[in-house]
1. Would you mind ranking B:411, B:303 by Cβ crowding within 10 Å, fewest neighbours first?
2. What is the distance in Å between the Cα centroid of region B:370-407 and that of region B:284-341?
3. Using Cβ contacts closer than 10 Å as the measure, can you line up B:100, B:365 from fewest to most?
4. How well do other chains shield peptide A:41-50, expressed as the mean number of their Cβ atoms within 10 Å of each residue Cβ?
5. If one takes the longest principal axis of the Cα atoms in chain A, at what angle in degrees, from 0 to 90 and to the nearest 10, does the Cα axis of helix A:2-20 lie?
6. DSSP beta bridges in chain B, what fraction antiparallel, as a percent rounded to 5?
7. Counting partner chain Cβ atoms within 10 Å of every residue's Cβ in B:418-426, what's the average?
8. Go ahead and estimate [θ] at 222 nm for chain A from helices alone: -39,500 (n - 2.57) per DSSP H run with n ≥ 4, summed, over the residue count, rounded to 500.
């Protein structure tokens, strides 16, 4: 269960940095980021757990089906916020 | 995609995502096959042990010469034994926590103080010994029915039971869950003439006050059962029965030490109907394969029962949406090699033969078709148990979601069945049986008995 723990830590660190550096994110950027992070967490949890369950096939597909949307959401949040902040 | 992937195959299948995914094994400390028998990297193999040895000095030792050998104590031994006995008796009489009668009873269940008792076989009356608390100078254990339920459950979990429930056997209703006669044709009967469980050539008599049925499950190895039907997969049932027999004997010793009676199964699947008692005790629900399905372990359990005159608070039947899930799932019936299971959407009052006991609206199975397949294949089967969507291990969040959805959002049932097929049993119609390669099992690093004993529990074994 190292992946989900790592993701939890990364999530907390990222949010803390955003707050400390007073990065002004729009509400929809927060929403996209939270959804993306949640999906990434679920993907990591299901992947790690499925490996422990001796189900590598299920692990791969769960990572794929949950991880890709997670990356899309996180990417969108990053793209929108960085474009807006640079403008 | 093959059923068990090497890391290389995994990379190939997963493409870019596989790069991220394949780092998992490194972080988890595993190797080429997951999970492997290899220990984490900080445990190094070395040529000499960390303790120094002088083989010149060492001799082969006499096993009778240990700290227990009386010769080292001389005249002091009798005095030490007397101190031991006096202290034990004093703590027992005072009810010192950890030394009181209930603690003695828990320890007695493991044979503590009764080292020569054999627990190998299930017995109606149970192991004989000096159990009576009055012989020890204390009165029998007393508590509320709720305290009794807590105490018995804790002890039985310690003896190896996975889940424990209690049913009051009432004349006219739940008493009918007792068999009229056991498999050896001995008649099971409540008798006012017998104050203790008594076995004769023709009867097993139960005292009238033995009205609490203790019902318990023993978890089996789902991973091994997915190798059914093979000799290897068939051993799962035998293991479950063996542990169940031991749990019963331990519980009998425990209850007798508390001062109560504990007639049990004279052999596996005796005394009463297992799924019936388990359903009434709330350990699970009836399933399409006409056996018990539990929320914690799915179908991968064996069910046992014994009776007692200790007043224990009964546990209530449950609805976790499991029987409802069976209505649309039908996976067990579809996978059944002998087609012994019902494909009807709704359960029925109609039995399929004398082997069924009427009176419940169930999906009655054709026991003869099922057993015929056992003869054909040369071992027990269990495919219906092993491939039930609820037999999946419950580490992944997906399985927790499935359990929640079955109870709260049944509209998702058929989707969850489809997902289970896709993730865990792809193309099972064309692959034949067994689904998982029996040879792969030897490479796994499974927990003791091949089961996760923390499953369904709040407090894991932390020491």
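A short reminder: the numbers here are calculations on the coordinates, not readings from a lab. Fair warning: this is a prediction, and the values are worked out from it, not measured in the lab. All Cβ positions, glycine included, derive from the backbone under ideal geometry; neighbour counts span all protein chains shown.
1. Details: B:411 8, B:303 27.
Ranked by crowding around the Cβ, least crowded first: B:411, B:303.
2. Between the Cα centres of region B:370-407 and region B:284-341 lies a distance of 11 Å.
3. B:100, B:365
4. 5
5. Between helix and principal axis, roughly 10 degrees.
6. 80
7. That average works out to 3.
8. Taken over chain A, the calculation gives -31000 deg cm²/dmol.
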